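Peer 1: Take a look at this one; I'll ask things after.
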Amino acid sequence: QVQLVESGGGLVQAGGSLRLSCVVSGRIFIINTMGWYRQAPGKQRELVALITNGGNPNYADSVKGRFTISRGPARNSVYLQMNSLNPEDTAVYYCSLVQINRTYWGQGTQVTVSS
């Protein structure tokens, strides 16, 4: 059974930084995509960043230049370095894994940015 566990969320002032981590356990196939999504209160879940097994990243326009997604050397972890945070980044952040046409989700970690 595939499980994803996020960590690293918290409360930070505007302009600050946080680093989110996600570790995946269970069977992981070579070809997959990992990523981060977020959901703010009253809004739909939206893509933040994706990274392929080859290490190619893609970012939402709203976070380009501020956030960096990366994968760990063991390929079972993904990280999101978030810099220059602003209150609009406040949301629950979810880690995702897509493999063999199936999407797995973590439980989410809260990020709150105060002004």
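Peer 1: So with the 1.4 Å probe, I'd like the accessible area per residue for the chain, rounded to whole Å².
Peer 2: Heavy-atom accessible area per residue stands at 54 Å².
Peer 1: Continuing with the same structure: If you add up the charges near residue 35, with Lys and Arg at +1 and Asp and Glu at -1, over every other residue whose beta carbon is less than 15 angstrom from its beta carbon, what do you get?
Peer 2: Here the count lands on +4.
Peer 1: Give me the distance in nm between label points sitting 7 Å out from Cα along the Cα-to-Cβ direction at residue 64 and residue 107, one decimal.
Peer 2: About 3.6 nm, to one decimal.
Peer 1: Just to be sure I understand the model, the point goes 7 Å from the Cα along the line to the Cβ. What's the resulting residue 53 to residue 114 distance in nm?
Peer 2: Calculated label separation equals 4.4 nm.
Peer 1: Quick one: what are the phi-derived ³J(HN,Hα) couplings along the range 87-102, Karplus 6.51/-1.76/1.60 with θ = phi - 60°, whole Hz, x for glycine and proline?
Peer 2: x, 5, 7, 5, 4, 8, 9, 10, 8, 9, 9, 10, 8, 6, 6, 10
Peer 1: While we're here: Report the extension gain between residue 75 and residue 21 in nm, rounded to one decimal, defined as 0.36 nm multiplied by the number of residues separating them, less their alpha carbon distance.
Peer 2: 18.2 nm
Peer 1: Could I ask something else about it? At a 1.4 Å probe radius, carbon and sulfur cover how many percent of the accessible area of the chain?
Peer 2: Exposed carbon and sulfur together represent 49 percent of the surface.
Peer 1: Would you mind counting up the charge near residue 93? Only other residues with Cβ under 12 Å from its Cβ, with Lys and Arg at +1 and Asp and Glu at -1.
Peer 2: Summing Lys and Arg as +1 and Asp and Glu as -1 gives 0.
The values are calculated or read from the model by the stated rules, or taken from the named source; none is laboratory data. Predicted model only: the values in this text are computed from it and were never measured. Virtual Cβ from ideal backbone geometry, glycine too; neighbours counted across all protein chains shown. Side chains included, ligands, DNA and RNA excluded: accessible areas come from the protein's heavy atoms. Shrake-Rupley method; radii C 1.70, N 1.55, O 1.52, S 1.80 Å.
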